[in-house]
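The values are calculated or read from the model by the stated rules, or taken from the named source; none is laboratory data. What you see is a predicted model, and the numbers here were worked out from it, not measured in a lab. Here the Cβ is made from the backbone with ideal geometry for all residues, glycine too, and neighbour counts use every protein chain on show.
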2 protein chains.
Amino acid sequence: MSEPTTEQELGITKSKEHETGEWYAEVVRKAKLASYGPEGMSGFIITRPRGYALWEAIRDDLDEQFKSTGVRNAYFPVFIPESYLQREKDIIEGFDPEVAWVTHGGHDELEERLAVRPTSESIITPYMSQWIRSHRDLPLRVNQWCGVVRWEATETKPFFRTKEFLWQEGHTAHRSREDALEETFRRLDQYESTYEDLLAMPVLKGEKPEHDKFPGAHTTTTIEALMPDGKSVQGSTSHYLGTSFAEAFDITYADEDEEQNLAHTTSWGISWRAIGALIMTHSDDQGLVLPPTVAPEQVVVVPIWQSDTKDEVLEYAEELTAELEEDGVRVKLDDREGRNPGFKFNEWELKGVPLRIEIGPNEVDDDELTLVHRPDGESTVEDRENADETVQDHLDEVYAKLYATAEEILEDGVREADTRDEILGTIGQHGGYVKAPWCGEEACETEVKDQIAAEIVMVPFEEEDDLADGDHDETCAVCDDDAERTAYFAKSY
Amino acid sequence: MSEPTTEQELGITKSKEHETGEWYAEVVRKAKLASYGPEGMSGFIITRPRGYALWEAIRDDLDEQFKSTGVRNAYFPVFIPESYLQREKDIIEGFDPEVAWVTHGGHDELEERLAVRPTSESIITPYMSQWIRSHRDLPLRVNQWCGVVRWEATETKPFFRTKEFLWQEGHTAHRSREDALEETFRRLDQYESTYEDLLAMPVLKGEKPEHDKFPGAHTTTTIEALMPDGKSVQGSTSHYLGTSFAEAFDITYADEDEEQNLAHTTSWGISWRAIGALIMTHSDDQGLVLPPTVAPEQVVVVPIWQSDTKDEVLEYAEELTAELEEDGVRVKLDDREGRNPGFKFNEWELKGVPLRIEIGPNEVDDDELTLVHRPDGESTVEDRENADETVQDHLDEVYAKLYATAEEILEDGVREADTRDEILGTIGQHGGYVKAPWCGEEACETEVKDQIAAEIVMVPFEEEDDLADGDHDETCAVCDDDAERTAYFAKSY
Ligand SMILES: [Zn+2]
Ligand SMILES: [Zn+2]
């Protein structure tokens with residue numbers, strides 16, 4: 001339970017390449033992103049300020065995108081009556097085995113058990129049904145940022161697997177299939193933008209195979225991100241639900257001719273798993289690496305002095321810090337006494353500050369700055385003048401470097417296979433995605449899954465899938481029946 | 001459960017003055033701020049987008065104030081083990097009778113019951129204890145925005161009394177009493193600023209009497225707001241906890257000489273009750289009234305046309321709307337067909353839009369705008385040119401009117417009394433606050449409470465209380481013993 005306090009404890013001791021799981025846990029703990037929950041609450045984490053700031057960055061980015069495209073936030077209760085969850089069972093299997101149940105309020109047993117929300121369809125949809133009367137009420141778009149609880153008995157992995165997690169769930173209703181599909185893809189594109197433009201993570205977009213869709217959904221679209229350990233993370237999903245929820249919960253509207261019609265609905269969400277994927281993608285054996293877009297501190301200024309140069313160095317560093325701060329840069333001056341520069345370098349590297357500026361007597365004499373990029377240690381000397389522009393350029397460069405590295409991993413990580421053995425061999429040897437022609441049957445996925453625990457994480461959208469139009473001679477890599485679609489096999493988180 | 005759909009249903013039917021409770025419920029429902037929870041969940045509400053937008057405005061305003069003064073957000077689990085709540089009992093009574101208990105995860109009974117957080121001291125403080133080792137870790141300031149559950153069996157009143165409510169809880173640790181007291185007052189001042197500068201509500205600041213402090217607190221400071229029905233609302237509280245929590249949870253730090261010291265802690269919070277107070281303060285028999293600072297729509301443009309003027313009126317209204325939007329005004333053009341202007345006026349009045357701009361053929365011909373203030377219906381004709389500045393001026397005027405009205409109610413609402421009978425008579429007749437000299441004993445409050453259900457909601461801070469220095473001949477209005485302080489008696493929410 002104790003926190004690192006000595007110089008030695010500060011360093012990361014595990015290897016990202018060889019002990020990925022242990023390395024990840026060490027980065028999360030030592031960069032002070034999260035702590036494990038107390039005894040009796042395994043599976044829960046405490047999200048510390050440095051970790052929560054990442055969630056705030058993701059939330060703010062998406063919230064702005066959502067609001068500028070017609071979404072409004074709401075808040076539904078943390079509890080859902082058991083009968084409401086039951087009602088949903090006609091269309092979906094339900095989360096019963098994973099629900100935390102409230103049975104007592106104060107000293108009294110409740111008449112009906114209340115579920116701590118595992119997701120909110122079953123309470124949001126009935127209210128949408130009340131709120132929608134006429135075509136004038138459509139589209140209706142409601143979103144909530146909240147925590148949900150799923151009582152899964154798996155090993156805790158902060159942000160990736162926790163019994164409680166923070167997420168956002170959007171629920172919308174539309175007049176037509178076209179409108180609802182447009183909404184589904186609009187939200188998927190916004191998630192993609194957050195991954196690519198905020199988190200420096202290139203991703204794949206596609207849909208889930210028929211047998212792996214969200215229960216009750218007509219189409220489940222997905223964002224998939226490749227982790228450096230060769231596994232895929234489902235980064236977010238956006239579902240076109242057709243009229244199945246509207247039928248179950250009676251979401252109808254009167255059109256211009258007073259005819260009653262079923263609405264078409266969607267739902268879409270992203271969880272703090274995105275934080276896990278972010279950490280996993282960019283960080284290294286020195287600790288956390290963050291893109292400047294989300295880093296709580298974008299720049300750390302480290303003054304390097306001897307007793308005879310201390311005053312001038314500190315003054316120069318302070319002026320620089322003040323100037324950058326004024327220009328809106330999130331900058332920290334580390335002028336702590338009793339810590340040598342090497343210690344400070346290590347600590348800020350561990351914490352993932354994207355850019356370090358070193359100020360020593362030379363910099364002061366020559367009116368310069370030494371800038372060091374966190375991801376690769378590249379060091380550049382630049383003029384002190386126009387420091388704000390220089391710093392912004394270097395932050396952009398750091399972002400570009402992170403993106404380029406991740407892009408290379410993704411591009412190298414997509415391989416092709418034409419036979420069952422090739423699929424197994426390629427994933428076994430390299431991890432990553434294996435593209436293969438597929439007949440569309442779950443049984444062919446099962447064969448691969450049973451052998452190597454890889455599944456079909458994604459199928460390209462019809463219009464981007466050469467095999468979707470049937471005008472070809474390709475056969476399923478597993479069973480040799482006619483191929484209907486291209487499947488991306490991968491191990492996944 | 002059904003929502004208003006016809007013109008008649010849109011209007012408020014209850015009187016604010018004579019049926020305050022019913023009127024409040026009607027405004028909340030018809031302005032679409034909140035709906036009641038489903039069957040089996042009495043005491044819970046659904047916060048609809050128009051209601052949640054008010055919470056977002058309050059949250060954003062405070063969050064910025066907090067962050068600019070050293071606070072960082074975190075997230076602690078929604079559950080707290082029963083043993084953690086027990087541990088706190090040494091210092092505080094605890095929330096046991098009001099706790100919702102989780103007893104099952106999936107199909108299994110839990111070994112230890114988990115409380116749905118009624119407040120988070122008991123889980124946050126132990127982690128603060130871990131995170132604090134040295135004076136360099138101080139001050140430590142952690143805040144979380146979250147929901148809490150308290151199983152009170154009282155009648156539901158949206159935002160005022162609900163079993164689940166949204167709030168913010170800040171927890172800080174400091175080296176000294178002075179630092180912690182400064183923190184306590186800094187937060188109280190920030191709450192005051194939110195009430196006065198965002199919500200147009202003048203408030204009183206003071207402290208709770210000894211017997212009504214937060215359990216374990218050294219000093220509980222409070223913001224009190226007077227409602228038009230003469231009752232006081234506790235708008236937010238900020239506690240200086242002394243070293244009592246630090247003792248119970250072992251929050252110690254090593255100072256420069258490696259000596260171990262107890263930290264001084266504070267906590268402070270505001271809940272969505274602020275939304276309730278906002279609605280109650282400004283709204284009227286036509287419905288919701290909101291200050292422009294928080295209104296989801298600040299301006300509604302209503303075009304008024306006949307068939308021969310429709311094109312020119314609409315074009316003029318559209319151009320105006322676009323121009324205001326570009327200038328950052330939250331503006332809505334109500335160009336619905338099939339609704340007459342009177343219907344639209346009523347609907348936007350009900351929804352609390354602060355400023356209406358009417359555009360008819362006359363406005364088009366004369367290059368003018370007709371602006372109508374929501375609070376008092378005052379109508380002004382202004383030039384079309386520089387519409388953005390004109391609109392901003394009128395929004396400021398509306399804010400000033402709301403503030404002035406509330407200020408008058410507060411100023412008129414503070415009366416003085418020197419005897420028990422005067423206290424009872426004045427509160428009975430006028431409501432509001434009654435200032436009276438007080439000996440400091442709870443018994444004298446009890447006498448008043450038993451008679452008229454009023455209590456001491458506030459005592460002015462020592463330095464602002466003439467009676468605090470003992471240099472006077474005043475005696476307690478109730479028991480005639482020497483008066484120690486000035487007490488503000490009031491009925492409260
Ligand atoms: Zn096959
Ligand atoms: Zn007395």
Which numbered condition in (1) in a loop (DSSP other than H, G, I, E, B); (2) more than 11 Å from the chain's Cα centre (by Cα) is the only one that B:GLU183 fails?
(1)
Of the conditions (1) facing chain A (nearest Cβ under 9 Å); (2) crowded, with 17+ Cβ neighbours inside 10 Å; (3) in contact (Cβ under 8 Å) with a residue 12 or more places away in the chain; (4) part of a helix (DSSP H, G or I), B:LEU62 satisfies every one except a single condition; which number is it?
(1)
Could you say whether any residue in the range A:383-399 is assigned to a strand (DSSP E or B) and surrounded by fewer than 18 Cβ atoms within 10 Å (Cβ to Cβ)?
yes
Taking the stated definitions as given, is B:GLY43 more than 17 Å from B:GLY352 (Cα to Cα) and either in contact (Cβ under 8 Å) with a residue 40 or more places away in the chain or in the same structural domain as B:GLY235 (by TED's automatic domain parsing) (or both)?
yes
Per the list (1) at the interface with chain B (Cβ under 8 Å from one of its Cβ atoms); (2) under 30 Å from A:ASN261 (Cβ atoms); (3) touching a strand residue (DSSP E or B) at 6+ places or on another chain (Cβ under 9 Å); (4) touching a residue at least 12 places away in the same chain (Cβ under 8 Å), residue check on A:LEU166 breaks on (2)
For B:GLU178, which of the numbered conditions (1) over 30 Å from B:PRO77 (Cα atoms); (2) free of Cβ contacts under 8 Å to residues at least 40 places away in the same chain; (3) crowded, with 22+ Cβ neighbours inside 10 Å fails to hold?
(3)
Identify the single condition in (1) more than 10 Å from ligand 2 (Cβ to nearest atom); (2) within 20 Å of B:ALA225 (Cα to Cα); (3) in contact with a Ser or Thr (Cβ under 8 Å, 6 or more places away or on another chain) that B:ASP466 does not satisfy, given that it satisfies every other one.
(2)
Restricting to the range A:409-445, count the residues that are touching a residue at least 40 places away in the same chain (Cβ under 8 Å) and within 26 Å of A:ALA277 (Cα to Cα).
14
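Please go through the range A:446-493 and give me each residue that is within 31 Å of the chain's Cα centre (by Cα), within 16 Å of ligand 1 (Cβ to nearest atom) and among the charged types (D, E, K, R), ordered by number.
Scanning the range A:446-493 gives A:GLU447, A:LYS449, A:ASP450, A:GLU455, A:ASP465, A:GLU484, A:ARG485.
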Got a number for residues in the range A:189-211 being surrounded by fewer than 21 Cβ atoms within 10 Å (Cβ to Cβ) and either assigned to a helix (DSSP H, G or I) or without any contact (Cβ under 8 Å) to a residue 24 or more places away in the chain (or both)?
8
Tabulated pairs, the range A:472-489, first of a type in the set (S, T, N, Q), second away from ligand 1 (no atom under 11 Å from the Cβ), C-beta under 6 angstrom, 6+ apart or interchain:
A:THR486/A:LYS435; A:THR486/A:PRO460; A:THR486/A:ASP465; A:THR486/A:LEU467
Candidates A:TRP151, A:TRP131 - the one that is free of Cβ contacts under 8 Å to residues at least 12 places away in the same chain, within 12 Å of chain B (Cβ to nearest Cβ) and either surrounded by 18 or more Cβ atoms within 10 Å (Cβ to Cβ) or not basic (Lys, Arg) (or both):
A:TRP131
Mind checking which residues of the range A:155-180 are outside any strand (DSSP E or B) and modelled with pLDDT of 95 or more?
A:PRO158, A:PHE159, A:PHE160, A:THR162, A:LYS163, A:ARG175, A:SER176, A:ARG177, A:GLU178, A:ASP179, A:ALA180
Sole residue being modelled with pLDDT of 95 or more and more than 11 Å from ligand 2 (Cβ to nearest atom), chosen from B:THR486, B:THR446
B:THR486
Strands (runs of 3 or more DSSP E) contained in the range A:233-347 and holding at least 3 residues in contact (Cβ under 8 Å) with a residue 60 or more places away in the chain and farther than 30 Å from A:THR162 by Cα:
A:252-254
Subset of the range B:453-493, residues outside any loop (DSSP other than H, G, I, E, B) and exposed (fewer than 15 other Cβ atoms within 10 Å of the Cβ), comes to B:GLU462, B:GLU463, B:GLU464, B:ASP466, B:ASP469
Odd one out for B:GLU152 among (1) acidic (Asp, Glu); (2) in a loop (DSSP other than H, G, I, E, B); (3) at pLDDT 95 or above
(3)
For A:LYS89, are the conditions met, namely being at pLDDT below 95, out of contact with any Leu (no Cβ under 9 Å at 6 or more places or on another chain) and away from chain B (no Cβ under 13 Å)?
yes
